[in-house]
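What follows is a set of notes on a single structure, which appears directly below.
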Amino acid sequence: MPGFGGALAAAAVALLGALAVIDAPRGASAASLVAAALGASAIAVLAARHYPHARFGPCNGVTLLRGALAVALVAPLAAGMAAGWIVAAIAGLALALDGIDGWLARRQGLVSRFGAAFDMEVDAVLAALLAAHGALAGLPLPAMLVLGGARYAFVAAARVWPWLSAPLPPALWRKAVCVAQIGALIALQLPGLPAAQPLAWVAAVLVLSSFARDIVWLRARAR
């Protein structure tokens with residue numbers, strides 16, 4: 001697919017740069033590289049099957065770049081390191097790029113369900129990895145499970161109750177909660193953050209309330 005190779009090269013450079021900053025042991029860095037290779041392969045296959053446009057586009061390239069930054073956070077986890085400031089900086093860059101991909105897609109006429117799903121899954125992976133770092137740093141495990149695993153629990157529940165997989169309408173509230181969730185997780189990486197535990201619980205309650213709101217909406221329309 002035109003554009004995919006260039007986007008992949010840029011993401012690889014970003015990943016290697018992030019790993020150099022993290023300075024994890026070689027074996028731990030290899031875990032990030034393996035995860036990146038598997039993720040890139042999956043994206044290539046899914047794009048070939050579900051992406052409706054002829055070119056990959058800068059929009060998906062930005063999402064791929066964000067994914068590479070997220071996957072870099074696997075390395076310190078594999079080394080048993082809660083990397084604190086470095087993790088916060090890398091995740092902060094990934095969050096700062098969020099929204100640019102959607103803007104580019106709209107500007108260039110490359111909007112697609114694949115792109116929206118790709119962006120959402122990168123957010124979910126980033127949240128899960130940040131929550132794992134938070135748990136490693138001693139933050140409340142139940143709150144970290146909610147912040148990092150709510151999306152995956154929802155997907156698993158949809159296997160049991162198919163009505164949960166129905167499309168949801170776009171909602172500014174949902175997007176705001178996602179940004180707040182990842183922003184809180186980034187802040188929680190900072191060593192010595194005042195009121196870290198209350199922040200973790202407040203963010204977890206906010207995420208649960210957002211999912212509860214969507215579940216109620218979906219249930220009402222499934223009847």
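The values are calculated or read from the model by the stated rules, or taken from the named source; none is laboratory data. What you see is a predicted model, and the numbers here were worked out from it, not measured in a lab. Neighbour counts are summed over all protein chains in view; Cβ atoms, including those assigned to glycine, are modelled from backbone coordinates with ideal geometry. To get the accessible areas, we keep the full protein, side chains included, count just its heavy atoms, and leave off ligands, DNA and RNA. Shrake-Rupley method; radii C 1.70, N 1.55, O 1.52, S 1.80 Å.
At a glance:
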read-out	value
Among 75, 20, 127, residue whose mean-square fluctuation peaks in a GNM of the chain (springs only between Cα atoms under 10 Å)	20
Per residue accessible area in Å² of region 33-156, where ligands, DNA and RNA are left out and the probe is 1.4 Å	44
Rg in Å to one decimal, and Dmax rounded to a whole Å, for the chain via C-alpha atoms	17.5, 54
Overall Cα dimensions of region 43-110 - principal axes, largest extent first, Å	42, 24, 11
Top of 146, 62, 202 by mean-square fluctuation, Gaussian network on the chain, Cα under 10 Å	202
Dipole magnitude (debye, nearest 20) for region 87-187, charges at Cβ of Lys, Arg, Asp, Glu	240
The chain, accessible surface, carbon-and-sulfur percent (1.4 angstrom probe)	71
Extension gain (nm, one decimal) between residue 44 and residue 158, 0.36 nm per residue minus Cα-Cα	38.5 nm
Charge sum, other residues only, whose C-beta stays under 14 Å from residue 73's C-beta, Lys/Arg counted +1 and Asp/Glu -1	-1
Top positive-direction residue, dipole computed over the chain with Cβ charges, set 172, 28, 141	172
At least 20 Å along the helix axis (C-alpha) and Kyte average at least 0.5, DSSP helices within the chain	4-22, 26-50, 57-72, 113-136, 141-160, 172-187, 196-222
Over 21 Å [Cα-Cα, region 57-176], rounded percent	46
Lys, Arg +1 and Asp, Glu -1 on Cβ, resulting dipole of region 1-121 about Cα centre, debye, nearest 20	300
About the Cα centre, charge dipole magnitude for the chain (Lys/Arg +1, Asp/Glu -1 at Cβ), debye	740
Residue among 220, 103, 181 farthest towards the positive dipole end of the chain, charges placed on Cβ	220
The chain: calculated mean residue ellipticity at 222 nm from DSSP helix runs of at least 4, using -39500 (n - 2.57)	-26000 deg cm²/dmol
Gaussian network model of the chain, springs between alpha carbon atoms under 10 Å - residue of 135, 195, 150 with greatest fluctuation	195
Region 1-97 - percent relative contact order, Cα under 8 Å, separation 6 or more	48
Binned Cα-Cα distance frequencies in region 148-223 - 5 Å width, integer %	3, 14, 23, 22, 16, 10, 7, 4, 1, 0
